[in-house]
Amino acid sequence: MEAAHEVDVVLAGLRRHARQLVAEVAGPVRRVRLRSGDTVLEVEWHEAPAAETGRAPDAPAVAPASEVPAPRPASRAGRIEVRSPMVGTFYRAPEPGAAPFVTVGDLVRPGQVVGIVEAMKLMNEVTAERAGRVVEVLVDDGRPVEYDQPLVALEPA
């Protein structure tokens, strides 16, 4: 049982680092591969024409690891913003035609799913970190989102 927990911890760390890496790289990522046994992380980029990037297509740019992420902009009037954990497509509901996870006026609790970001054909749940009342959904269903982009605004509960 303890070994399974250790594997879960390793995989959670790999996923977190992969999301951060994908957010920091220049150009679209084609594939990220994670493995637990002997811990492997592999990232593959789409090749871009050299004229577009100003560099050879096989030389993807990666932000230096020592670079500190830019501070988040302050939320409006004390609101809590639920932000995108990655680049992808935001969906308000679990499937087409289903009711949205949250609507304006709903109370949410910490850990509650407020949407999904699809990235590389994987559906990643977006959860609220704190309790609050939904005051605004900031992104329309099916729209592309960037890493750390505000998705839902909450009024603290």
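Within the range 98-128, if we keep just the residues that are among the charged types (D, E, K, R) and surrounded by 13 or more Cβ atoms within 10 Å (Cβ to Cβ), the residue that is nearest to residue 16 (Cα to Cα) turns out to be 125.
Restricting the first member to the range 104-115 and to residues that are farther than 9 Å from residue 127 by Cα, and the second to residues that are of a type in the set (Asp, Glu) and surrounded by 11 or more Cβ atoms within 10 Å (Cβ to Cβ), the beta-carbon pairs closer than 7 Å and six or more apart or on different chains are 104/136.
Checked against (1) closer than 27 Å to residue 18 by Cβ; (2) surrounded by 20 or more Cβ atoms within 10 Å (Cβ to Cβ), residue 94 passes all but a single condition, namely (2). For the range 60-71, the criterion of being in contact with a Gly (Cβ under 9 Å, 6 or more places away or on another chain) and either β-branched (Val, Ile, Thr) or modelled with pLDDT of 95 or more (or both) is met by none of the residues. Checking the conditions here, which among 109, 92 is in the same structural domain as residue 150 (by TED's automatic domain parsing) and in contact with a Pro (Cβ under 7 Å, 6 or more places away or on another chain)? Every option except 92 fails the conditions.
The values are calculated or read from the model by the stated rules, or taken from the named source; none is laboratory data. Model, not experiment: these values are computed from the prediction. Cβ coordinates were reconstructed from backbone atoms using ideal geometry, including for glycine residues, and neighbour counts include every protein chain displayed.
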